[in-house]
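The values are calculated or read from the model by the stated rules, or taken from the named source; none is laboratory data. On a predicted model such as this, the values are computed, not experimentally measured, just so you know. Note: ideal-geometry Cβ built from the backbone for every residue, glycine included; neighbour counts use all protein chains shown.
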Amino acid sequence: MRLVTYNVGTTPQIGAVVEETLVDLSTLAPDMLTLIQGGPDMLARAQALVAENTSPRLPLASVTLLAPIPRPRKNIMCLGWNYAAHSAESARARGRETELPRYPIVFTKSVTAVNHPDAVIPYDPGVSTQIDWEVELAFVIGRQGKNIQRTEALDYVFGYTILNDISARDIQNRHKQFFLGKSLDGSAPYGPWIVTSDEIDDPHALRLQLRVNGVTRQDANTSDMIFKIPDIIATLSLGTTLEPGDIVATGTPSGVAMGMDPPAYLRPGDVVEAEIEGIGVLRNTIGEPVTADR
């Protein structure tokens, strides 16, 4: 199933997308987190509702899609340099030798960075003028677990989605770490839905692309990940409890603006489309310059 959070009027609701229509699931759960926490039984009930084909359906084009979990309970966990070619281009851009990570490099994006499909990404030149794109496969945890074994790890995945890890490179370079440059408000658009794990045969065999104003900038395959999802889950859960609704982004391939010569960072009006095979397209626009009071 493709599960969404959407607005009709001002009240967020959850539903399932069937072709170009939407089946309301709000009678089952008030929000996506509750649905995920309900486990296999709740998911089976949702599947049954969709299969019955008796619930009223809305045209998908008539609703506004929100991020599937509009307000996650925790920061989004992310992997850095999880594709060899991106690791190399990042090192070149910083004048360093390429050194592939021996262990997953993990950082987080603040929950206030969450943004929605088709939404505007804020652009404040007083904060950053080096706004970059990063298409990433993200997954959502469906079961609580700690010290999860690699052989069981995929059983803990509820579903998959697309995340654009928008990055302020000047802030990132200034502070010599990821968090601040990755956590600007609106810098974590994701969606447009969660595709449940039963719909994705192999999450390590998906083409992922990113286009800016129709021009392809990133084009790779999740098979190129250095650390696969079982490795990521085993690492994140070592001594730390993962909970239903936790969101994990698996890293980006090469082709980011920072790696271009010269760099071609995003500018107001740019349309960014992140696409992953088997999931869909996440589209956002860079907003007009707004300088906030400081």
- Message: Among the residues that make up segment 197-212, is at least one of them surrounded by fewer than 20 Cβ atoms within 10 Å (Cβ to Cβ), closer than 22 Å to THR129 by Cα and not β-branched (Val, Ile, Thr)?
- Response: yes
- Task: Among what's in segment 222-258 and is farther than 29 Å from LEU33 by Cα and touching a Pro at 6+ places or on another chain (Cβ under 8 Å), pick the residue that is surrounded by the fewest Cβ atoms within 10 Å (Cβ to Cβ).
- Result: ASP224
- Message: I'd like the full set of residues that are buried (at least 17 other Cβ atoms within 10 Å of the Cβ) and hydroxyl-bearing (Ser, Thr, Tyr), limited to segment 141-161.
- Response: TYR156, TYR160, THR161
- Query: What number of residues in segment 268-293 are surrounded by fewer than 21 Cβ atoms within 10 Å (Cβ to Cβ) and either touching a His at 6+ places or on another chain (Cβ under 8 Å) or not in a loop (DSSP other than H, G, I, E, B) (or both)?
  - Reply: 10
- Query: Consider LEU49 against the criteria (1) assigned to a strand (DSSP E or B); (2) hydrophobic (A, V, I, L, M, F, W, C); (3) not assigned by TED's automatic domain parsing to the domain that holds GLN144: it satisfies all of them except one. Which criterion is unmet?
  - Reply: (1)
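Would you confirm whether or not segment 167-174 contains a residue that is assigned by TED's automatic domain parsing to the domain that holds TYR83 and either crowded, with 22+ Cβ neighbours inside 10 Å or closer than 22 Å to THR241 by Cα (or both)?
Taking every residue of segment 167-174 in turn, at least one turns out to be assigned by TED's automatic domain parsing to the domain that holds TYR83 and either crowded, with 22+ Cβ neighbours inside 10 Å or closer than 22 Å to THR241 by Cα (or both).
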- Go through the residues of segment 98-112 one by one and say whether even a single one is free of Cβ contacts under 8 Å to residues at least 40 places away in the same chain, in the same structural domain as ILE141 (by TED's automatic domain parsing) and among the charged types (D, E, K, R). yes
- Would you mind stating whether TYR83 is in contact with a Ser or Thr (Cβ under 9 Å, 6 or more places away or on another chain), surrounded by fewer than 17 Cβ atoms within 10 Å (Cβ to Cβ) and modelled with pLDDT of 90 or more? no
- Item | Residue list for segment 10-45, restricted to those being surrounded by 15 or more Cβ atoms within 10 Å (Cβ to Cβ), over 23 Å from the mean Cα position of the chain (by Cα) and part of a helix (DSSP H, G or I) | MET42, ARG45
